[in-house]
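Some notes on the structure that comes next.
The values are calculated or read from the model by the stated rules, or taken from the named source; none is laboratory data. Small disclaimer: the values here were computed from a predicted structure and weren't measured. Here the Cβ is made from the backbone with ideal geometry for all residues, glycine too, and neighbour counts use every protein chain on show. The protein model used for the area step is the full one, side chains on, heavy atoms only, and it has no ligands, DNA or RNA in it. Shrake-Rupley method; radii C 1.70, N 1.55, O 1.52, S 1.80 Å.
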Amino acid sequence: MQTSIIDAIRNTPDGREANRILRACTHCGFCTATCPTYQLTGDERDGPRGRIYLVKQVLEGHTPTAKTQHHLDRCLTCRACETTCPSGVEYAKLADIGRGLVEQQLTRPRRERLLRWVLRHVVAHRQRFALLLALGQAARPLMIGRLASLKSKIPPRRASSVPSHDRIGHSAASSGRSMLLFDGCVQPSATPHTNAAATRLLNRLGVRVITPTGAGCCGALSQHLSYRDEALDYARANIDAWWPHIRAGAEAIIVSASGCGAEIVEYGYLLRNDPAYAERAARVSALTRDLSDVLAAENLSRLDDIGHGQSVAYHPPCTLQNAPHLHDHVAEILTQAGYTLKPVANAHLCCGSAGSYSLLQPEMAGALRENKLRSLTAENPDVIVTANIGCQMHLESATGVPVRHWIELLEPAA
Amino acid sequence: MNQAASLFDPAEHAERASPPDKPTIIAALQAQLPAEMILTEAEDLRPFECDGLSAYRQVPMIAVLPATIEQVQATMRVCHAMDVPVVARGAGTGLSGGALPLDNGVLLSLAKFNRVLDIDTQNRRATVQPGVRNLAISEAVDHLDLYYAPDPSSQIACSIGGNVAENSGGVHCLKYGLTTHNILQLEIVTVDGERLTLGGASLDSPGYDLLALMTGSEGLLGVIVEVVVKLLPKPELAKVAMVAFDDVRAAGDAVAAIINAGCVPAGLEMLDSPAIIATEEFVHAGYPLDAAAILLCEVDGPAAEVEEDIERVREIVAGCGATDVRISRDATERALFWAGRKAAFPAMGRISPDYYCMDGTIPRKALADVLIGIGELSKKYGQRVANVFHAGDGNLHPLILYDANNPGELENTEAFGGAICELCLEHGGTITGEHGVGVEKIDQMCVQFPAAELTQFHAVKAAFDPRTLLNPGKAVPTLHRCAEFGAMHVHNGQVPFPELERL
Ligand SMILES: Cc1cc2nc3c(=O)[nH]c(=O)nc-3n(C[C@H](O)[C@H](O)[C@H](O)COP(=O)(O)OP(=O)(O)OC[C@H]3O[C@@H](n4cnc5c(N)ncnc54)[C@H](O)[C@@H]3O)c2cc1C
Ligand code: SF4
Ligand code: SF4
């Protein structure tokens, strides 16, 4: 596609990157077919091709208004469009640049600013989020009347395990193998079972699992709210926390929440212009793997038949489907473990969780969740599983069917 | 640079009294439709400025995004009363600028009409809204072992309304026909906002065949708001042979040999070396990167027959010098072989910032000569070209690769394209196969049709749309335009196909 980016932007790193990405787009429209928001609204501006155009016009010097921002906000960053695009257009990178430019030129209304502040300053901080969650859980019974709708946003209480020191799960075998396990900001307090189960199973398989305290939020939250520098700081902190262990021979950085995984595999790209970190960031990205990808490479014979044919509907998170370099082996592992996987229509469509999206765009997120749950429950599964904490919490707040992280189904073998 | 401006003929709008100003039109529309369905500012309108042919762009005056037939009717009534031209838009994947907006017109998007309304298994038909994606129809009836046959390569995204308006074909139209052979009934909204049903449930309804007339009318006769399509039972088995050649002439001969042997393949497609390389990178379909050309030949039907036919294909192509033959082992591999072909156009975005997709037909026997000729022209014009070809029915799509940001390259591309058109005509071909005329090939219509026939086209148009408000300036040129166009070139004294120079 032809571009005429204004001089002030064209020769910046962002400008060059945006131009490179835009030039690959042929305006064929294939991507609109798999875009969840375009499917809902049928509005060009709510589809990838239209959003690319919205970004293009900002780059070409047209001052955006809140309308452009609104349509960019409504994008889930699910990247289904990237998977569909035959021209290899890296939509998410372009959207990131576009959102940043728009954010610089516009001031959001107070209410939006406040919500975004809370997301960045509370949710992304493990201890603060744990506190907020505990408060919310305690206050649940009080949430009546207008507050009742809040109730569904608060996940049920589970035994929490916010670590205050390096956690090391030792394996029985002395194979000497070790891997890092990423904890993240929300997961330790909201769904602590996930990493506990993963650690036990990996230990059984002879792998020492290390979770250093210095590591925190992956940075995705800030990144999606256009606080790109803040995201980079999170990335640097994580790299610093992991590096000694990587030097000591940790084989992989395991991520059990694919939303975080998708961010960490991009560290190399995000920090490519930071000479102090570029090399280590690239190495970290290369070591990052989804939990299912790690397990699929191990000998899983101990899993045979633990599922007893229980029926499962699997919701593959967008990040696992569309982020380059993350590989999804959940279905094959569960099948091997003796679970019966039910067919789920429109598996490529996002459930609406999308990080902080469900809080910022409740209407769209609700509509997507409704469609997703209809597909997931069509065959009456015993349990719904997914591979990302965001999806898990979002889905479980609107269905009676239990929603779990898939690794929990392997507990009997751990 | 805005190409569109030069394509419009001011004389086409000359006799019209000046319509009301934009605020008046907006107010009239707002009185009928929810405000959020009416887009009026450049920021909102620019994403609609082009379709799949992005070299031609025009921001519309207003875009309307209705969600009900009543809202379409209301829009048409307002526009009709105020003399505002209307351009319908489906998914905007068209490659001839058919959905290119007008600066004094309303762009009417049908994208919100994306529901399958009814599936009638017994009579094997489905009633769908016009914005439903072509592939979504087949997906909706997949569990019933039925499908909708026409499969343009854009099927994942293009709308059935757009398919009807363009009479789209696909890789399987060799056996199953174009859109016109696969629809039963249309509901349209006329220029003055009336609803009209064309065709009927039975295969042959009495009276003129208005259904066929409407199919391929490129938004000039009415707005399609509902379509009843035929569904076919999925063939018991389908297999595709991927055949490699180290010489395009051998590939061309193989096409002729397959057809002459009396096989009717469900699809017979050819890609040349640059097309193979570009698509393989995206799809990893296993196309041999060192081949000069590959053929994809599909046969479908009862299993026993298919096994027999595919073996015959294997023998025929071996006799024509094929260097490698691979036959799809299962449905997944079959889909993979086709996926490359279907993504061939946009995959060009990986090797070139822009591509210009041409659409001509040639007699099958001329295939090798035309391909070799195009190769020579490519050297002469100094631009790369990839060829993708519905080989079975002689529909050729040369994709000229260029960079619109380089001054002069688009113009050179257009000249190169003109030379390819000449080459096709020299070999007894035509200037458009399946992508429609739109704005892109409007001048070539003057070449292909004599004045008397164009006058007939205008008479048909006038019967539906006497004031030329529906997609004016597209598909059928005015005689005035042809005269201007022809005169200009005669003046330059270029023969034998001077008119083609501007394509
Ligand atoms: C990569 C690629 C591959 C393609 N491959 C093929 C192919 O193999 N075969 C083929 O035939 N085409 C192909 N095309 C062209 C294009 O996809 C078809 O012409 C398609 O039918 C256009 O559908 P659309 O919904 O995008 O229509 P649009 O582009 O939106 O509109 C096309 C025309 O139809 C009119 N129109 C749209 N909807 C309506 C309606 N509801 N009522 C009245 N008029 C309407 C418009 O005014 C316009 O004139 C391809 C395009 C691309 C980008
Ligand atoms: S599919 Fe890719 S090339 Fe086509 S419009 Fe979308 S982003 Fe652009
Ligand atoms: S990232 Fe998802 S929501 Fe955003 S444009 Fe792409 S497909 Fe649509």
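Kindly check whether there is at least one residue in region B:354-373 that is open to solvent by less than 60 Å² (accessible area, probe 1.4 Å), in contact (Cβ under 8 Å) with a residue 12 or more places away in the chain, outside any helix (DSSP H, G or I) and closer than 20 Å to B:ALA241 by Cβ.
no
Read through the list (1) open to solvent by 30 Å² or more (accessible area, probe 1.4 Å); (2) among the small types (Gly, Ala, Ser); (3) within 14 Å of chain A (Cβ to nearest Cβ), then give the number of the only condition that B:GLY349 fails.
The one condition B:GLY349 does not meet is (1).
Can you pull out the residues in region B:138-174 that are within 12 Å of the chain's Cα centre (by Cα), more than 7 Å from ligand 1 (Cβ to nearest atom) and polar (S, T, N, Q)?
B:GLN155, B:ASN167
Of the residues in region B:385-414, how many are surrounded by fewer than 16 Cβ atoms within 10 Å (Cβ to Cβ) and either outside any loop (DSSP other than H, G, I, E, B) or of a type in the set (Lys, Arg) (or both)?
2
How many residues does region A:1-49 contain that are small (Gly, Ala, Ser) and within 24 Å of the chain's Cα centre (by Cα)?
Here is the first cut: in region A:1-49, the residues small (Gly, Ala, Ser) are A:4, A:8, A:15, A:18, A:24, A:29, A:33, A:42, A:47.
If we keep only those that are within 24 Å of the chain's Cα centre (by Cα) as well, we get A:18, A:33, A:47.
Qualifying residue count for the region: 3.
Go through (1) touching an Asp or Glu at 6+ places or on another chain (Cβ under 7 Å); (2) modelled with pLDDT under 85; (3) not in a helix (DSSP H, G or I) for B:ARG481 and report which single condition fails.
It is condition (3) that B:ARG481 fails.
Within region B:65-77, is there a residue that is within 9 Å of another protein chain (Cβ to nearest Cβ) and either touching a helix residue (DSSP H, G or I) at 6+ places or on another chain (Cβ under 7 Å) or under 20 Å from B:VAL164 (Cα atoms) (or both)? First the steps, then the outcome.
Residues of region B:65-77 within 9 Å of another protein chain (Cβ to nearest Cβ): B:65, B:67.
If we keep only those that are either touching a helix residue (DSSP H, G or I) at 6+ places or on another chain (Cβ under 7 Å) or under 20 Å from B:VAL164 (Cα atoms) (or both) too, we end up with B:65, B:67.
Yes; the residues of region B:65-77 include at least one that is within 9 Å of another protein chain (Cβ to nearest Cβ) and either touching a helix residue (DSSP H, G or I) at 6+ places or on another chain (Cβ under 7 Å) or under 20 Å from B:VAL164 (Cα atoms) (or both).
May I ask you to list the residues in region A:20-30 that are more than 7 Å from chain B (Cβ to nearest Cβ) and either touching a His at 6+ places or on another chain (Cβ under 8 Å) or without any contact (Cβ under 8 Å) to a residue 40 or more places away in the chain (or both)? Even if it seems obvious, please write down each step before you answer.
Initial filter on region A:20-30 (more than 7 Å from chain B (Cβ to nearest Cβ)): A:20-22.
Once the filter is applied, which keeps residues that are more than 7 Å from chain B (Cβ to nearest Cβ) and either touching a His at 6+ places or on another chain (Cβ under 8 Å) or without any contact (Cβ under 8 Å) to a residue 40 or more places away in the chain (or both), region A:20-30 yields only A:ARG20.
What do you reckon, is A:ARG16 more than 12 Å from chain B (Cβ to nearest Cβ), surrounded by fewer than 24 Cβ atoms within 10 Å (Cβ to Cβ) and in a helix (DSSP H, G or I)? Full working, then the answer.
Working: more than 12 Å from chain B (Cβ to nearest Cβ): yes; surrounded by fewer than 24 Cβ atoms within 10 Å (Cβ to Cβ): yes; in a helix (DSSP H, G or I): yes.
Criteria met by A:ARG16.
Taking the condition of being farther than 19 Å from A:ASP96 by Cβ and either touching a residue at least 60 places away in the same chain (Cβ under 8 Å) or more than 9 Å from ligand 3 (Cβ to nearest atom) (or both), how many residues in region A:36-61 meet it? First the steps, then the outcome.
So the first thing to find is which residues in region A:36-61 are farther than 19 Å from A:ASP96 by Cβ, and the list is A:38-44, A:61.
Adding the requirement that they be either touching a residue at least 60 places away in the same chain (Cβ under 8 Å) or more than 9 Å from ligand 3 (Cβ to nearest atom) (or both) leaves A:39-44, A:61.
Residues meeting the conditions: 7.
Counting just the residues of region A:186-211 that are in a loop (DSSP other than H, G, I, E, B) and open to solvent by less than 10 Å² (accessible area, probe 1.4 Å), which one comes out modelled with the highest pLDDT? Full working, then the answer.
Keep residues of region A:186-211 that are in a loop (DSSP other than H, G, I, E, B), which gives A:186, A:191, A:205-206.
Checking the rest, the ones that are also open to solvent by less than 10 Å² (accessible area, probe 1.4 Å) come to A:191, A:206.
Details: A:THR191: 87, A:GLY206: 92.
In this case the residue turns out to be A:GLY206.
List the helices (runs of 4 or more DSSP H) inside region A:251-369, counting only whole elements, that have at least 2 residues being surrounded by fewer than 17 Cβ atoms within 10 Å (Cβ to Cβ) and more than 18 Å from the chain's Cα centre (by Cα). Can you show your working first?
Working: elements: A:258-264, A:267-270, A:278-287, A:291-296, A:318-322, A:330-336, A:357-360.
Counting at least 2 such residues, we get A:278-287, A:330-336.
Restricted to region B:124-170, and to residues that are of a type in the set (A, V, I, L, M) and within 18 Å of B:GLY199 (Cα to Cα), which residue is most open to solvent (accessible area, probe 1.4 Å)?
By that ranking, first place goes to B:ALA165.
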